[in-house]
């Protein structure tokens with residue numbers, strides 16, 4: 001009788017342990033599922049309650065730190081105001097290609113705008129506009145000939161000229177988490193004329209998160 005009772009209690013204990021493990025596993029799966037759903041929910045599409053810190057903030061981020069000798073991840077300081085090569089080159093190149101081709105929507109850049117709304121570069125005007133801004137020119141004097149000759153040099157802008165990115169964002173807090181929602185991003189081109197200090201300019205916004 002004692003042996004039967006001991007066996008019975010052993011079975012019950014084992015059953016409780018298995019049930020507890022299954023419950024823990026189910027709870028973990030539910031928690032993981034909830035976390036996955038939250039992580040999959042785009043900040044752009046967030047519609048829940050939130051505390052808006054600012055609906056607009058514009059700032060520049062340096063992405064090419066030329067002080068670092070090696071800009072790849074081989075350098076221990078690669079993340080200091082820097083996107084590591086070669087991934088950063090591919091990203092900027094793709095970003096420009098998609099903007100110029102119209103795959104990503106582009107908008108006119110206006111430093112005086114309050115950016116409550118954007119003026120889209122419509123597809124019919126896109127090529128003309130990009131042709132006008134994506135090349136700059138300057139004149140140099142050719143002194144190798146007897147009569148000096150003025151030569152016009154044209155320099156096409158490429159991903160190599162993008163040293164910074166300008167962001168327009170919304171900042172808010174939701175469910176105890178700080179979010180930065182990117183509204184638009186603009187490539188910050190470095191223009192260099194012989195005999196002058198380089199200067200930076202922005203020509204257009206790119207909407208990454210909108211159809």
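The values are calculated or read from the model by the stated rules, or taken from the named source; none is laboratory data. Please read these numbers as outputs of a predicted model, since none were measured by experiment. All Cβ positions, glycine included, derive from the backbone under ideal geometry; neighbour counts span all protein chains shown.
Key figures for this structure:
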quantity	calculated
Filter result for residue 97 (loosely packed, with under 13 Cβ neighbours inside 10 Å and either in contact with a helix residue (DSSP H, G or I) (Cβ under 7 Å, 6 or more places away or on another chain) or modelled with pLDDT of 95 or more (or both))	yes
Filter result (outside any loop (DSSP other than H, G, I, E, B), out of contact with any helix residue (DSSP H, G or I) (no Cβ under 7 Å at 6 or more places or on another chain) and closer than 15 Å to residue 137 by Cβ) within region 179-198	191
Scope region 136-157; condition modelled with pLDDT of 80 or more and in a loop (DSSP other than H, G, I, E, B); matching residues	157
Residue satisfying condition, being in contact (Cβ under 8 Å) with a residue 40 or more places away in the chain and in contact with a strand residue (DSSP E or B) (Cβ under 9 Å, 6 or more places away or on another chain), within set 199, 109	109
Residue match in region 124-135 (condition: within 19 Å of the chain's Cα centre (by Cα) and in a helix (DSSP H, G or I))	no
Test for residue 112: is it loosely packed, with under 10 Cβ neighbours inside 10 Å, in the same structural domain as residue 167 (by TED's automatic domain parsing) and in a loop (DSSP other than H, G, I, E, B)	yes
